Amino acid sequence: METLVGRDQRVGAGFVAGYTLAQIGAYLAFVPLLQVLLPAAATRLVGDAAPRLVSVIAILGAITASIANYGAGALSDHTGNRLGRRRIWLLAGLAAVLAAYAAIASAAGARALVVAVLLFQIGFNLLFAPLTALFADRVPDRQKGGVAAWLGLGLPLGSVIGTTLAAALNGGTQPGMVRCLMVLGGMVLCLVLPFALLVRDASPPPAPHAEATAPVPGGQRDFAVAVTGRLLVVAALALVQTYMLLFLTARLHTALSPPQMLARLIAVATIMHLATGFAAGPLSDRLGHRRLFVLGGAMLTGLALAVLALAARMAHPSLSMLLGAYLLLGAGGGAFEAIDLSLLAQLLPVTRLAGRGFGVANLANTLPQLAGAALALALLRGPAPDYATLFSVAAGAAWLGGALVLLVKRVR
């Protein structure tokens, strides 16, 4: 890996490759757990009350993740020892994630499952906060879109690999879940550990310079607007990620099992995600524009969710409609994820405190779980859960979140 350099110096292929693999490992750690294994475990433990249990876990998990992510980011900003300011927390978080997997695998009741998932949220955010902060630490503005496109591989590959693995190992059963968590743990370790050990980190933290800590005119406002827009779009995506398996289980009857069907839908979305992400990221660097790409990605995401809402209103939603929705979802998510991270990094009010800044931005990843879970508790109760309204609200949130980016002034 390269030595830590100034924020205006380009990063090379070695850093980008290692960072990308670590990002894939991070998403692989939580996406299949929350999308497939947790809903399946909840169904196995409490039957028809699974939506309620998943919602309760999502609410408590969001609170826990918000506190853990901000705390880990702030601590890594101010950590100074021979291991580096970010590395020590990467290693601690990785160890905690593996320990939480063991607790989840052994959970024999609903309460034990809740506690185990909360432990996972603490461990994962100890890992993810410093990992995200390295983007602002190391990647110059003129490379942010291109590097973010590579980092954007994390979500789609984590989803498709994880859901495919869960389906192949029969993750809906207790023995299958144990096997799946063991394999996932090994993969996460192999993907994250080399980067954590080899990346050269600043130690102690660099002394504050006037240009790094001086307030930027309009900086706080633009950052707040961008975070709010991201919060709405991520809220929309979180509703699909958390409840799609339950929707397929309740409404779709095919030769494929619901986890197998979800894996295929996510595979379709992944192809589009990669295509649009790798097109939008470098293009935004060359054009010097971020906002229009974020807007376009959010609009496509909202359109995909509107299609899902229409499908949910049908007695027998067609596979072609679901596939079309996931094609749009992948295209929108690829453009949004590749550029929105770059936008947030450029809008950080204090660049030297990237861990704390991204800890605030991470509220856009965790608070939507609270709102989405509360909405789901109201709409998904009883014998006829209202998935149509759930997806309609998600579509509106995505469109509004995209429109807010037009209010950002400091970055084009």
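Throughout, read-outs are computed from the coordinates displayed, never taken from laboratory work. Everything numeric in this text was worked out from a predicted model, so none of it was measured. Cβ coordinates were reconstructed from backbone atoms using ideal geometry, including for glycine residues, and neighbour counts include every protein chain displayed.
Using 0.36 nm per residue of separation minus the Cα-Cα distance, give me the extension gain between Ala384 and Leu310 in nm, one decimal.
Using 0.36 nm per residue and subtracting the Cα-Cα distance, I get 25.0 nm.
Using the scaling law 2.2 N^0.38 Å as the reference, what is the normalised Cα Rg of the stretch 68-131?
1.22
Quickly work out the Ala112-to-Asp141 label distance, labels modelled 7 Å from Cα along the C-beta direction, and quote it in nm with one decimal.
According to this spin-label approximation, the distance is 5.4 nm.
Projected area of the chain, taken from the Cα convex hull and averaged over every viewing direction, in nm²?
Its average projected convex-hull area is 17.3 nm².
Can you give me the angle between helix 110-138 and the longest principal axis of the chain, using Cα atoms only, in degrees from 0 to 90, rounded to the nearest 10?
The helix 110-138 is inclined about 30 degrees to the chain.
For all pairs of alpha-carbon atoms in the stretch 33-111, what percent lies in each bin of width 10 Å, listed from the first bin to the last filled one?
Percent of pairs per bin, in order: 16, 38, 28, 15, 4, 0.
Counting only other residues whose beta carbon sits under 15 Å from that of Val36, what net charge do I get with K and R as +1, D and E as -1?
Net local charge, Val36 excluded: +3.
For the chain, set up a GNM with springs between Cα atoms under 10 Å and report which of Leu83, Leu33, Leu262 has the largest fluctuation.
Top of the fluctuation ranking is Leu83.
Using 0.36 nm times the number of residues separating Ala403 and Gln9, minus their current alpha carbon distance, what extension gain do you get?
Stretched out fully, the Ala403 to Gln9 stretch lengthens by 138.6 nm.
Over the chain, what is the mean sequence separation of C-alpha contacts under 8 Å (at least six apart), divided by residue count, expressed as relative contact order in percent?
28 percent
Roughly how many Å is it from the Cα centre of the stretch 279-306 to that of the stretch 52-117, as a whole number?
Distance between centres, Cα-based: 31 Å.
Nearest 500 deg cm²/dmol is fine: what mean residue ellipticity at 222 nm does the chain get from its DSSP H runs of n ≥ 4 alone, each adding -39,500 (n - 2.57), divided by its residue count?
Mean residue ellipticity, 222 nm, calculated: -26500 deg cm²/dmol.
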